[in-house]
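For reference, the structure discussed in these notes is given below.
The values are calculated or read from the model by the stated rules, or taken from the named source; none is laboratory data. Here the structure is a predicted model, which is why all the values come from computation and not from measurement. Note that each Cβ is placed from the backbone with ideal geometry, even for glycine, and that neighbours are counted across all protein chains shown.
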Amino acid sequence: MLMENKAENKAVFDAESAKDVAKELRDSFVTGKTKSYRWRVTQLKAMLKMLDENEPQIVAALRDDLSKPEFESSLYEIQMVNNSCRLALKEMNHWMMPEKAKLLDTSIAKTSLTTFPSSAEIVSEPLGVVLVISAWNYPFLVSLDPVVGAISAGNAIVLKPSEMAPASSSLLAKLVADYLDSSCIKVVEGAVPETSALLEQKWDKILYTGNGRVARIVMAAAAKHLTPVVLELGGKSPVIVDSDINLKVATRRIIAGKWSCNNGQACVSPDYIITTKDYATKLVDSFKCEPERFYGKDPLESKDLSRIVNSNHFDRLSKLMDEEKVSSKIVHGGQRNEKNLQIAPTILLDVPVNSLIMKEEIFGPLLPIITVDKVEQSFDLIHSSGGKPLAAYLFTNNKKLKRKFVETVSAGGLVVNDTAVHLAIHSLPFGGVGESGMGSYHGKFSFDAFSHKKAVLYRGFAGDAFLRYPPYTPGKLTLLQALLSGSIVGIIRALLGWFWA
Amino acid sequence: MEKSIAELRETFKNGGTKSISWRKSQLKALLQLINQNEDSIFKALDQDLGKSPVESYRDEVGVLKKSVTYTLSCLEKWVAPKKAEVPLLFLPAKAEVMPQPLGVVLIFSSWNFPFTLALDPLIGAISAGNTVLLKPSDLAPACMSFLVETIPKYLDNKAIKVVAGGADIGVRLLQLKWDKIFFTGSPRVGRLVMAAAAKHLTPVTLELGGKCPAIVDTLFTTPSKAKVTAKRIVGGKWGPCTGQACIAIDYLLVEEKFASTMIELLKKTIKRFYGETIKSLKNISRIVNKHQFQRLVNLLKDPNVANSIVYGGSVDEEKLVIEPTILLDPPLHSEIMSEEIFGPLLPIITLKNIEESINFINSKSNPLVIYAFTEDETFKKRILSETSSGTVTFNDSMVQFLCDSLPFGGVGQSGFGRYHGKYSFDTFSHEKSILHRSFYPEIEPRYPPWTDFKLLFIKLAYEFDYFGLILLLLGFKRS
């Protein structure tokens, strides 16, 4: 009886509701409330408090949604957002300051003489009312990290968490309403209908984290309103493993980036490995013993591995593993528990390059190893495998290989001799290219992503180059040519124009 | 056409556009193209738009020469990777951001500045190492033909191509996959471009337009300042292609009591610059074609609008000329006050108090530029913080276009993305993050099995609480 009443009372979030939310936030934004430094500071401090006082609840929600180990929840979801808040609180003053634009650069003095005397600066202003659509795999991190950026830039915000992590979504809705300014920051829960309703409205910026299919829908909706977007997508992030390296450390770092990142369900998880035929055996052996040290003899019993998010993805991953020419290539792992939605760390060797597992982003605990004759051939393999990935990794001690890697591989970000850690370095922009996305954030890049950089030119009344104005005589043309080309004589004559106005 | 694009992709894949020497050679060739063909460029601009050589040099040829020269002098600096700071915890490590070309880019340009708006983005695309397909506007046919014929004579045909044609060619091009699309034009077409780009997740830069207002505060106490203001307003309205420019002043906002003085000053300046009557009109472009001419004439059809004309209003359909026209307080709901004018009609809106201009501007969508002629520092601050536009220029018009160190672009309905100077290079680049790590030392707490100790360790590490870490390691902190 009670449940029925609840169902009836729960309002449907439709186009009208979306319009109301957008209007309410716009009205709030127009009052200038979110622009004030104080408001931004209070919101960020409130978020810190929110994370601090609710860590157990957040960990519990993530355990419900993903069986995420406490360590991962604490570190990658709570601590990283905490860091972003603290960085913003520390640097925001600095980020908000206008940036002086150099007008009189000695190397281009001739350029600026046409606009002298003047001064110029670039002023950051909030875009307005922004929409953040987040993903299910790091429900707190990819919801709140963009929100931190949007707050620090002075915007009003709607956050739409993923319905595929329902416990996290509803906890986010509750916490944001309890701790943050609900007249300016709102959470809208729901699935496709609610997201579509939101996408019909006009936003000043949309930041979407997720997959390429939905990203196209988001960008097409944004096009109707000329809304700029940041799309944080994914791809098949390759790991090239050279020989003559510290194999143990390399293996551990790959394991950490793969199975200790939500059991491979992370946009920057190593997707597949490329190594030489000669080195493959050593590598496979290393991968046969190291995981046990991390997850125990029976990984399905380990508390340190996330489960697969839902049965759809479980089935998808099973299909990848069970494909005819692929299932025989499993050299380690492969254990599954459908009821608990668990798949153990699984290594495959030399799957066919045209198999499903090599065509789409795996986003799970399966790690194929592809072998090539020479390690340099791995670059061709990466480039032929479709879209540019979000990340690419290389383990090597060879300087030349490092240089070639860095110069030729196109990906959102590259890491040499490690995996995934670049996310934690806030001085590096985090974003994709091509199929892996557009735009970037983290650190100051978050602030920039949600700001409009307004160019401001201050001119005085003195120094009006008569050359600018009609009557246009051939004489003026010559002078203009001289001025724009920087000839001294021409410049002097142009400056004399000050007295001829 | 698909073959051309395949060739562009092949050239890019083979690294043909990567080297700095290639980029420099192309830029130098472009400079040569402009230098050796100035007269033909002037001729084409005169044919399409009636631009005089001085206007053409000032707004197109000169701008481009400046842009290429500046790019050539800065290219090495821009291409170099930039170091990024690495927190102590991650050392030893090296972090940097390296710009990389996006790949095969498509540039759509507009008809009003057919050379600048085609070649300035091209300069950016080349400097960033991309291959390019340029689609100039067919509404400036002589300029388009010039580009189609001349570019292949100077630039690397395998990497830079120009395609002629109208909207149908544009539509076909948009079906294909590009690594970037750069579009200058109207918001209506901007939407179509972005929607098409969405299918391929292609990033876009949209340089659109809007109604660029000019606020005129009390400057009439000083006659010389008033004169300069009038010149800059006239120069900023009718100077660029007779008002057919995205950054031209669209309308004026002035206090009631100064309106008549303003109008008199403007009239004097207009007569001096452009002539007294439509028959003696000189030093000014014409309207690009019949369609635009008709559109502008229609703006004046409304009797309430026609009645507000205080100067000008004459048109010459044969020559596609409309004389500089000033209107005083046309009805605010009329089309001339709701659409971007893009022509030689200047409405003056009077206000009781100039501060009202802020609300007035905010009632319309974000323009590309807000011009404000004022010496009141408080008012300047208010304009900056209470309005939103691509750019704000105080006490002048148009010149912000020449500043290579200022980003040029819109916000809201006036577009997104930006270019000019280094921003052109950036807009056609992907900033790739790179982190170099060493195998040693190893931080054990990264790895499972997780323990409380490891958790506390990483927490402290993340907070860069190095002292706390030391305490923990020495056993003085309990997990």
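Listed here are the residues, each with its yes/no results for (1) surrounded by 18 or more Cβ atoms within 10 Å (Cβ to Cβ); (2) among the charged types (D, E, K, R); (3) more than 22 Å from A:N82 (Cα to Cα); (4) at pLDDT 95 or above.
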{"residue": "B:F425", "(1), (2), (3), (4)": "yes, no, yes, yes"}
{"residue": "B:I434", "(1), (2), (3), (4)": "yes, no, yes, yes"}
{"residue": "B:E444", "(1), (2), (3), (4)": "no, yes, yes, no"}
{"residue": "B:T451", "(1), (2), (3), (4)": "no, no, no, no"}
{"residue": "B:K454", "(1), (2), (3), (4)": "yes, yes, no, no"}
{"residue": "B:I458", "(1), (2), (3), (4)": "yes, no, no, no"}
{"residue": "B:L474", "(1), (2), (3), (4)": "no, no, yes, no"}
{"residue": "B:R478", "(1), (2), (3), (4)": "no, yes, no, no"}
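Residue under question is A:A420, and the condition is that it be in contact with a strand residue (DSSP E or B) (Cβ under 9 Å, 6 or more places away or on another chain) and either charged (D, E, K, R) or at pLDDT 95 or above (or both); does it hold? Against the criterion (in contact with a strand residue (DSSP E or B) (Cβ under 9 Å, 6 or more places away or on another chain) and either charged (D, E, K, R) or at pLDDT 95 or above (or both)), A:A420 does not qualify. Looking at segment B:390-411, is at least one residue in contact with a Pro (Cβ under 7 Å, 6 or more places away or on another chain), within 7 Å of chain A (Cβ to nearest Cβ) and modelled with pLDDT of 95 or more? Checked against the condition, which is being in contact with a Pro (Cβ under 7 Å, 6 or more places away or on another chain), within 7 Å of chain A (Cβ to nearest Cβ) and modelled with pLDDT of 95 or more, segment B:390-411 yields no hits at all. Segment B:1-74 holds helices (runs of 4 or more DSSP H) entirely within its bounds, and those carrying 1 or more residues that are surrounded by fewer than 19 Cβ atoms within 10 Å (Cβ to Cβ), of a type in the set (S, T, Y) and in contact with a Phe, Trp or Tyr (Cβ under 9 Å, 6 or more places away or on another chain) map to B:38-49. In the condition set (1) away from chain A (no Cβ under 13 Å); (2) in contact with a His (Cβ under 9 Å, 6 or more places away or on another chain), B:P213 is compliant with all but (2).
Of the set (1) assigned to a loop (DSSP other than H, G, I, E, B); (2) closer than 30 Å to A:D27 by Cα, all apply to B:I358 but (1). For segment A:407-428, name all the residues that are at the interface with chain B (Cβ under 8 Å from one of its Cβ atoms), part of a helix (DSSP H, G or I) and crowded, with 22+ Cβ neighbours inside 10 Å. Of everything in segment A:407-428, just one residue is at the interface with chain B (Cβ under 8 Å from one of its Cβ atoms), part of a helix (DSSP H, G or I) and crowded, with 22+ Cβ neighbours inside 10 Å, namely A:H422. Test B:F360 against the stated conditions and say whether it is crowded, with 24+ Cβ neighbours inside 10 Å and more than 20 Å from the chain's Cα centre (by Cα). For B:F360, the condition - crowded, with 24+ Cβ neighbours inside 10 Å and more than 20 Å from the chain's Cα centre (by Cα) - is not met. Counting only residues that are of a type in the set (A, V, I, L, M) and touching an Asp or Glu at 6+ places or on another chain (Cβ under 7 Å), segment B:291-345 holds 2 of them. For segment B:217-252: of the residues being more than 12 Å from chain A (Cβ to nearest Cβ) and among the aliphatic types (A, V, I, L, M), which is surrounded by the fewest Cβ atoms within 10 Å (Cβ to Cβ)? Per the stated criteria, the residue is B:A245. Where helices (runs of 4 or more DSSP H) fall entirely within segment B:122-237, those with at least 1 residues that are under 18 Å from the mean Cα position of the chain (by Cα) and of a type in the set (V, I, T) are at B:187-200.
Free of Cβ contacts under 8 Å to residues at least 24 places away in the same chain, out of contact with any helix residue (DSSP H, G or I) (no Cβ under 9 Å at 6 or more places or on another chain) and outside any helix (DSSP H, G or I): which single residue out of B:H291, B:H333 fits that description? Result of the check over B:H291, B:H333: B:H333. Of all residues in segment B:380-394, which are buried (at least 23 other Cβ atoms within 10 Å of the Cβ) and small (G, A, S)? Answer for segment B:380-394, where residues must be buried (at least 23 other Cβ atoms within 10 Å of the Cβ) and small (G, A, S): B:S388, B:S389, B:G390. Any chance you could count how many residues in segment A:201-221 are crowded, with 21+ Cβ neighbours inside 10 Å and free of Cβ contacts under 8 Å to residues at least 40 places away in the same chain? Residues meeting the conditions: 2.
Checked against (1) under 20 Å from B:K290 (Cβ atoms); (2) assigned to a strand (DSSP E or B), B:F342 passes all but condition (2).
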